[in-house]
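Notes for the one structure printed next.
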Amino acid sequence: MDGRRVAPLEVADTPWARTRGLLGRGGIDGALWLGGVTSVHTFGMRFAIDVAWVDRRGIVTRTVTLPPRRATRPRRGAAGVLEATAGAFARWGLAPGSDLGGPHWADVAARLPASRPSRAGGDADREPR
């Protein structure tokens, strides 16, 4: 964060990996980046997760903790989401406005899919359902 590494980062760089996310896992050491993803769910998950929406510049625009069996609405302007075990973001100091920039972000950003409009048509400022 802010150009320094605070945790290992996995990149879900195939459509299947982005669809699967953290499903079927018991946790994660670090975080999972899902580029091009603007909403997530925890149906079928065994643990709560922290979710951060990140814009193309690497700025965190919103964070939530999502318990199992919940879903978020799409977030306009997100280049993707970062997922981690619940509580990780607090330990790392990651919050809206955090800058994930630096040399590590440049590599992740280079793999972002092209922007596409949200099918849900709107920003999701509501809390998860």
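The values are calculated or read from the model by the stated rules, or taken from the named source; none is laboratory data. The structure displayed is predicted, hence computed values, not measured ones. Positions of Cβ are generated from backbone atoms using ideal geometry, with glycine treated the same way; all protein chains shown enter the neighbour counts.
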Subject >> Every residue from the range 45-61 that is closer than 22 Å to residue 20 by Cβ and not in a strand (DSSP E or B) >> reply: 45, 46, 47, 48
**OP:** Any chance you could count how many residues in the range 5-44 are of a type in the set (A, V, I, L, M) and assigned to a loop (DSSP other than H, G, I, E, B)?
**Re:** 8
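Residue-wise test of (1) basic (Lys, Arg); (2) over 17 Å from residue 101 (Cβ atoms).
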{"position": "6", "(1), (2)": "no, no"}
{"position": "20", "(1), (2)": "yes, yes"}
{"position": "26", "(1), (2)": "no, yes"}
{"position": "66", "(1), (2)": "no, yes"}
Original post:
Which one of the conditions (1) in a loop (DSSP other than H, G, I, E, B); (2) at pLDDT 95 or above does residue 64 fail to meet, given that it meets all the rest?
Top reply: (1)
Subject >> Yes/no for residue 90 being out of contact with any Ser or Thr (no Cβ under 8 Å at 6 or more places or on another chain), of a type outside the set (Lys, Arg), closer than 15 Å to residue 6 by Cα and at pLDDT 95 or above >> reply: yes
**OP:** Could you please find all residues in the range 69-97 being surrounded by fewer than 22 Cβ atoms within 10 Å (Cβ to Cβ), assigned to a helix (DSSP H, G or I) and without any contact (Cβ under 8 Å) to a residue 60 or more places away in the chain?
**Re:** 90, 91
**OP:** Would you check if residue 49 is surrounded by 13 or more Cβ atoms within 10 Å (Cβ to Cβ), at pLDDT 90 or above and either at negative phi or not basic (Lys, Arg) (or both)?
**Re:** yes
Subject >> First in the range 19-42 and closer than 22 Å to residue 56 by Cβ and touching a residue at least 12 places away in the same chain (Cβ under 8 Å), second anywhere and surrounded by fewer than 18 Cβ atoms within 10 Å (Cβ to Cβ) and of a type in the set (Lys, Arg), Cβ under 8 Å, 6 or more apart >> reply: 35/111; 36/116; 38/76; 39/73
